[in-house]
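Please see the structure below; I have some questions.
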Amino acid sequence: MVPKAEIAKQPSITRSVFPWSIAIHGGYLESEHSNMPDDLEMAYRAGLRNALSLGANILDGDGPSLDAVETVIKALEDDPLFNAGRGAAFTAQAGHELDASIMDGATLKAGAVLGVTRTRHPISLARKVFEASSYVMMAGEGADAFGSACGLEQVNPHFFSTQAQWQVLVDRFAAQGRLLPIRPTNIRPTMPQNSGVTGHSHSGTVGAVALDKMGHVSAGTSTGGMTGKTWGRIGDSPVIGAGTYASNRSCAISCTGSGEHFIRLSVARTICGLVENKGICLQAAMDEVIHRQLVDIGGQGGAIALTSGGEVAWSYSSNGLFRGRMSEGRPPLIAIFKNEP
Ligand code: ASP
């Protein structure tokens, strides 16, 4: 018989019953696969694998899905190969304006930040918006000041600059006949050396969705937005219901693609609505919106999603989606191109 003192030490019975799952993305691929140098492809896969394993470890250790989503996205924001945080796309003024959002499917609490320039991890700032204020969205300098007041790390905006993203701006402006802004000093080289992101067109927005052992889902998305953007342009990534949505009653979803089209269709919420109200399976709901409704209005991109019942899916109309997924007891899966699972 187990002594009473030992019983008291044992974990409480509110233990999990759900197998955890996680899916992540690192943006969509517009151009053909053959344009990507091998060393760059390997670096992308390593970055995705690293971020996925950080999230999986949290879920496996009984952590909440919101922590897994934030941790994965922070890692991808720090990875200069992706267009979020360090490695963000340049604006037309040679700066960086970062957008992010995160949502807790158990409470429907959500936070988003738009056009921030100094907060190292915009996804953590988005989380603070709902945890430390009564707001859902904050923008620009005010949002950075709020982040600073919350103790989040602030950096010089050049921290986000990389040579590879500068080259994307140079090429894009040359093709469009636009006047290039003055090159900022102290732009960091991008690893792997000499393999810029210019030979192929990779959007590089990042996102994650997770289901924890308590059966709660969460979703988050972070981006530097479109290269050469002007006039404070904001895409779908920080728009709850467009680029990000999470509800335990349906699914958690993070999108990447031509943001204006995703906003017009409220892509994330529309997919969740199909799952919740029409009883359509997740994969079919995603394919209906991404392959039909989005394409019908000229949009392109993809999304990752999972339900509180453990269904995990992705769908994309582009040439590829930088993606990864893992579920309890199963090996991780990392993929980029169309001919992969
Ligand atoms: N959806 C993002 C935006 O419109 C871009 C992307 O996903 O690559 O800002």
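The values are calculated or read from the model by the stated rules, or taken from the named source; none is laboratory data. Keep in mind the model is a prediction, meaning the values are calculated, not measured. Note that each Cβ is placed from the backbone with ideal geometry, even for glycine, and that neighbours are counted across all protein chains shown.
Going residue by residue through segment 261-282, is there one that turns out to be over 15 Å from the mean Cα position of the chain (by Cα), under 25 Å from Phe82 (Cβ atoms), modelled with pLDDT under 95 and more than 13 Å from the ligand (Cβ to nearest atom)?
No, segment 261-282 contains no residue that is over 15 Å from the mean Cα position of the chain (by Cα), under 25 Å from Phe82 (Cβ atoms), modelled with pLDDT under 95 and more than 13 Å from the ligand (Cβ to nearest atom).
Conditions (1) at pLDDT 95 or above; (2) surrounded by fewer than 23 Cβ atoms within 10 Å (Cβ to Cβ); (3) away from the ligand (no atom under 16 Å from the Cβ), marked per residue:
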site: Pro157; (1), (2), (3): yes, yes, yes
site: Arg172; (1), (2), (3): no, yes, no
site: Asn186; (1), (2), (3): no, yes, yes
site: Gly199; (1), (2), (3): no, yes, yes
site: Gly207; (1), (2), (3): yes, no, no
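Could you list all residues from segment 209-237 that are among the charged types (D, E, K, R) and crowded, with 24+ Cβ neighbours inside 10 Å?
Asp212, Asp236
If only one of Phe146, Phe159, Phe90 is under 20 Å from Glu77 (Cα atoms) and touching a His at 6+ places or on another chain (Cβ under 7 Å), which one is it?
Phe90
Quick one: would you say Ile336 is touching a residue at least 60 places away in the same chain (Cβ under 8 Å), over 23 Å from Ile102 (Cβ atoms), within 20 Å of the chain's Cα centre (by Cα) and assigned to a strand (DSSP E or B)? Can you show your working first?
Working: touching a residue at least 60 places away in the same chain (Cβ under 8 Å): yes; over 23 Å from Ile102 (Cβ atoms): yes; within 20 Å of the chain's Cα centre (by Cα): yes; assigned to a strand (DSSP E or B): yes.
Spelling it out, Ile336 is indeed touching a residue at least 60 places away in the same chain (Cβ under 8 Å), over 23 Å from Ile102 (Cβ atoms), within 20 Å of the chain's Cα centre (by Cα) and assigned to a strand (DSSP E or B).
So which of Ser266, Ser258, Ser247, Ser254 ends up being touching a helix residue (DSSP H, G or I) at 6+ places or on another chain (Cβ under 7 Å) and surrounded by 16 or more Cβ atoms within 10 Å (Cβ to Cβ)? Outline the logic, then answer.
Values: Ser266 fails: touching a helix residue (DSSP H, G or I) at 6+ places or on another chain (Cβ under 7 Å); Ser258 fails: touching a helix residue (DSSP H, G or I) at 6+ places or on another chain (Cβ under 7 Å); Ser254 fails: touching a helix residue (DSSP H, G or I) at 6+ places or on another chain (Cβ under 7 Å).
Answer to the check: Ser247.
Regarding Thr107, is this residue of a type in the set (Val, Ile, Thr), free of Cβ contacts under 8 Å to residues at least 24 places away in the same chain and closer than 26 Å to His158 by Cβ?
no
Still on this structure, please answer the following. With respect to Gly299, is the statement that it is small (Gly, Ala, Ser) and either without any contact (Cβ under 8 Å) to a residue 40 or more places away in the chain or under 21 Å from Met103 (Cβ atoms) (or both) true? Break it down stepwise before answering.
Values: small (Gly, Ala, Ser): yes; either without any contact (Cβ under 8 Å) to a residue 40 or more places away in the chain or under 21 Å from Met103 (Cβ atoms) (or both): no.
No; evaluated as a whole, the condition is false for this residue.
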